[in-house]
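The values are calculated or read from the model by the stated rules, or taken from the named source; none is laboratory data. Since the structure is predicted, the reported quantities are computational estimates derived from the model, not experimental observations. Note that each Cβ is placed from the backbone with ideal geometry, even for glycine, and that neighbours are counted across all protein chains shown.
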Amino acid sequence: MILDGIRLGGRKFLPLVLIVLSFVLLVSSSFSLAQTPVSSQSLEVSPPSQELNADPGQVVSVKAKLRNRSNASINVKVRVEDFTASGEEGQVALIEKGPYTITSWTKVEPEQFALKSFETKEVTAFISVPKDVAGGRYGSFVFSVGGQAGSGTTTGVAQEIASLFLLRISGPVNENLTLVEFSSPSFLEFGPVPFSLKFTNLGNVHSKPFGLINVRNMFGKTVQDVVVRGQANIFPQASRVVSVNLDKKWLIGPFTAQAVLNYGSKNESLTATTTFFVFPVRAVLGAALLLLVVYFMRRRIVLAFKALIGR
């Protein structure tokens, strides 16, 4: 009887327990959504980088767009920071004031705004170029997201996304690019063959080297011309490694690769040579082993073949 009473009481209170649990789950999920920060993946900036030219004493403008791909409205602040090359793989780092600074010349409009869900906003930076400068200057729009618009709260960690701009100022520009190293693996069994070109920029303006790598076999015949497309900027007083491939798998013997490149407004030339050797060791050893097995078992193979025919 006591056990039946407990069971009956449990049945009476079961709907109330379910209602309380549902309310707790609803409140906790709502709180979690309210505290979820907008990730940088929800922000889309265009263009990611751009290049422009200017004359000393000129005022030029550069624009960028920010799109909010999240489901919430956000508050955005915009500023301009300098950037510089970081490492040798093409990375950049934002800095407060670099050797090729542009921030003190620049004014951004608007500096802050609210961006609704899936809305796009364009901002403009006006650059007042001094009369006594020439060469490269490097800046970036930095969009900083601090919370949902109208909520009066900010996220724990601000999300930021950048759009780079590279300014080339006419005048006595020093274009001085060197090809420090041109290399490939000395030995490979198969292609593709990777080439590495390391450039150092000793000038005061960015450069994009372009050209061909001519690959010849032991007889002097061209196997392929590998194109260096000139898409990588090498910034002043920095080094960068550019990688390209000879996309051929089956190669054998010694090869010579000659890089013939150009850069700058006057098409200055750079050349370098490297060699490599390709031989499919494992494939050749496997084939040789198979031939040896066939050779030593040739009598048995012949006898088995005759027996098979005789049947």
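Within segment 84-110, can you find the residues that are surrounded by 13 or more Cβ atoms within 10 Å (Cβ to Cβ) and on the phi > 0 side of the Ramachandran plot?
Result: Gly90, single match.
Looking only at segment 111-124, decide whether some residue is crowded, with 19+ Cβ neighbours inside 10 Å and more than 26 Å from the chain's Cα centre (by Cα).
Yes, some residue in segment 111-124 is crowded, with 19+ Cβ neighbours inside 10 Å and more than 26 Å from the chain's Cα centre (by Cα).
Take the conditions among the acidic types (Asp, Glu), at pLDDT below 95 and surrounded by 14 or more Cβ atoms within 10 Å (Cβ to Cβ) and apply them to Glu175. Does it pass?
In short, no.
Residues being more than 18 Å from Ser183 (Cα to Cα) and crowded, with 20+ Cβ neighbours inside 10 Å: count how many of those fall in segment 217-250.
So the answer is 4.
What is the residue count in segment 125-143 for residues that are more than 24 Å from the chain's Cα centre (by Cα) and not basic (Lys, Arg)?
Residues that pass the stated criteria total 10.
Quickly run through segment 279-311 and pick out the residues that are outside any helix (DSSP H, G or I) and surrounded by 10 or more Cβ atoms within 10 Å (Cβ to Cβ).
Going through segment 279-311, the residues outside any helix (DSSP H, G or I) turn out to be 279-280, 297, 311.
Residues satisfying the conditions are Phe279, Pro280, Met297.
If a residue counts only when it is in contact (Cβ under 8 Å) with a residue 12 or more places away in the chain and under 28 Å from Leu251 (Cα atoms), which strands (runs of 3 or more DSSP E) contained entirely in segment 152-235 have at least 3 such residues?
Per the criteria, 177-183, 193-201, 210-216, 222-228.
Can you list residue pairs whose Cβ atoms sit under 8 Å apart, with the first residue in segment 98-116 being over 10 Å from Arg137 (Cβ atoms) and the second being assigned to a loop (DSSP other than H, G, I, E, B) and of a type in the set (Gly, Ala, Ser)? Count only pairs 6 or more apart in sequence or on different chains.
Pairs that qualify, where the first residue is over 10 Å from Arg137 (Cβ atoms) and the partner is assigned to a loop (DSSP other than H, G, I, E, B) and of a type in the set (Gly, Ala, Ser), are Ala114/Ser73; Ala114/Ala149; Ala114/Gly150; Leu115/Ser73; Leu115/Ala149; Lys116/Ser73; Lys116/Ala149.
Among the residues of segment 171-200, what is the count of those that are more than 26 Å from Pro280 (Cα to Cα) and hydroxyl-bearing (Ser, Thr, Tyr)?
2
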